[in-house]
There are 2 protein chains.
Amino acid sequence: MPYTYEYPRPALTVDCVVFGLDDQNALKVLLIQRRIPPFQDQWALPGGFVRMDESLEDAARRELQEETGVKGVFLEQLYTFGDLGRDPRDRVVSVAYYGLVNLTEYPIQAATDARDAAWFPVASPPYLAFDHPQILATALTRLQGKVRYQPIGFELLPAKFTLTQMQKLYETILGQTLDKRNFRKKVLKMGLLTPLAEVQMGVAHRAAKLYQFDLAKYQQLKEKGFNFEL
Amino acid sequence: MPYTYEYPRPALTVDCVVFGLDDQNALKVLLIQRRIPPFQDQWALPGGFVRMDESLEDAARRELQEETGVKGVFLEQLYTFGDLGRDPRDRVVSVAYYGLVNLTEYPIQAATDARDAAWFPVASPPYLAFDHPQILATALTRLQGKVRYQPIGFELLPAKFTLTQMQKLYETILGQTLDKRNFRKKVLKMGLLTPLAEVQMGVAHRAAKLYQFDLAKYQQLKEKGFNFEL
DNA sequence: GCTTAAAGTGTAAAATACACACTAAGAGAG
DNA sequence: CTCTCTTAGTGTGTATTTTACACTTTAAGC
């Protein structure tokens, strides 16, 4: 059943750059292995064609779930890539989204429709198809920019986490070490963390207190234009 | 000459939100009056369909020039709007760009291919077609965010300008008044302004010194990741 | 030369950012 | 059971940055 238009149209796709943090605090990105040409067997960002009855974000979520099993994550539009020649077959414009997940909840390569999906270190990704290296680089830059003035990263952490875990996350994303006392002062002063009556378990040293993110308070402060700069 | 595809494709357009500052320091946006349905005779953002042989940014620049005569301006991708029903005829996905121009150089309604083009106060725009109110609002928010940490706004000012003009611009965009002495200290400390041996002319009071923006220095500092926060 | 209008300029107080090192707690080994 | 190992947790003084604030200067128009 062919579809005919008076003028030619670029194909429209979405691609997802999903970041996760593994148990060694390494930042990872979720990739799939392409089953079909072009770039057959190469690794690429999960993504695919936008259908006529879904919004762009819906398309991104659907493709992400179909190809990797990951769903229900934080996703935000990143940038739209539309240069000529980014797909060798056809003119393809791709709306890229980036997302953050807590890797402990989305562990190994999930797979449904998926050929093969796996987490790769952001610092040393495999060769990527299309202009996906550029998309990944753009997403990383955006993540670094965002983390400075938005309490992102709660998406990347488990529901209950220690301040040290959080600090490590920030150090990983920003690529620099931070002072422990100053970091703790700042994040606690924001007032978005609820201390729990629980502590870490199974560690061979003093157990750290666990915290959780106060989503309600966050949204309340966000309404008021509060600045979450770290 | 029809074009046929195996699967249906959304139409792809670009829209431009071009801001300018008029001589009373009011922030304006460049709009066109639609000549054809839908939304015939209503005001809308300049924009149109992306061709197969041009990048997204090229398309934005081309449409902007065709419809308003404005060219050679600073343009940056804003966001891609792809919700269902944003165009009553067809599924249309639009990549929005925002731009800044010095209104004194692009004065009245330029027009080439244009039906009618004019500058409207951002504070009180006319009824806009499609989801263009939302696009305009997004662009304004982005502009406000950007102005805080990027020496934008040189795009909006004449080549030679006074510090008071620049301050008024910032006050207009941010919607708040700023302290004269502190503002001057900060912008001069950045070192991006070259003082000229010239002063304002034709004013009925003490003439202000003119400055120009040092583009070379700006790019040099930007390379180094310098922070231009005001 | 008097009026008017905006240009231009410095300092003190307050707030914020930064640097920095020791004690506390708990697990595991012996 | 005590010693060791490892990470948790905590406060202060100093430097820097940000803020608030008002008068003198200059030039044009009358």
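The values are calculated or read from the model by the stated rules, or taken from the named source; none is laboratory data. None of these values were measured; they are calculated from a predicted model. Ideal geometry is used to build each Cβ from the backbone, glycine not excepted, and the neighbour counts take in all protein chains shown. Heavy atoms of the whole protein, side chains included, go into the accessibility calculation; ligands, DNA and RNA do not. Shrake-Rupley method; radii C 1.70, N 1.55, O 1.52, S 1.80 Å.
Residue B:181 meets the conditions (1) modelled with pLDDT of 90 or more; (2) within 16 Å of DNA strand D (Cβ to nearest atom); (3) open to solvent by less than 60 Å² (accessible area, probe 1.4 Å) in every case but one. The failed one is (3). Among the residues of the stretch A:123-130, is any modelled with pLDDT of 95 or more, surrounded by 18 or more Cβ atoms within 10 Å (Cβ to Cβ), within 14 Å of chain B (Cβ to nearest Cβ) and more than 12 Å from DNA strand D (Cβ to nearest atom)? Looking for residues that are modelled with pLDDT of 95 or more, surrounded by 18 or more Cβ atoms within 10 Å (Cβ to Cβ), within 14 Å of chain B (Cβ to nearest Cβ) and more than 12 Å from DNA strand D (Cβ to nearest atom), one finds none in the stretch A:123-130, hence no. Does residue A:202 satisfy being within 16 Å of DNA strand C (Cβ to nearest atom) and touching a residue at least 24 places away in the same chain (Cβ under 8 Å)? No; evaluated as a whole, the condition is false for this residue.
Does residue A:147 satisfy being away from DNA strand D (no atom under 15 Å from the Cβ) and either under 22 Å from the mean Cα position of the chain (by Cα) or aliphatic (A, V, I, L, M) (or both)? Yes: the conditions hold for residue A:147.
Would you call residue B:41 part of a loop (DSSP other than H, G, I, E, B), more than 12 Å from chain A (Cβ to nearest Cβ) and open to solvent by 40 Å² or more (accessible area, probe 1.4 Å)? It is true that residue B:41 is part of a loop (DSSP other than H, G, I, E, B), more than 12 Å from chain A (Cβ to nearest Cβ) and open to solvent by 40 Å² or more (accessible area, probe 1.4 Å). Comparison of A:152, A:173, A:135 shows that the only residue that is touching a strand residue (DSSP E or B) at 6+ places or on another chain (Cβ under 9 Å), touching a residue at least 40 places away in the same chain (Cβ under 8 Å) and not in a helix (DSSP H, G or I) is A:152. Within the stretch B:1-38, the residues that satisfy the criterion of being away from chain A (no Cβ under 14 Å) and of a type in the set (D, E, K, R) are B:22, B:23, B:28, B:34, B:35. If you check B:53, B:87 for being open to solvent by less than 40 Å² (accessible area, probe 1.4 Å) and either more than 14 Å from chain A (Cβ to nearest Cβ) or not in a strand (DSSP E or B) (or both), only one passes: B:87. Residues in the stretch B:204-225 that are assigned to a strand (DSSP E or B) and within 16 Å of DNA strand D (Cβ to nearest atom) were compared, and the one that is nearest to residue B:158 (Cα to Cα) is B:210.
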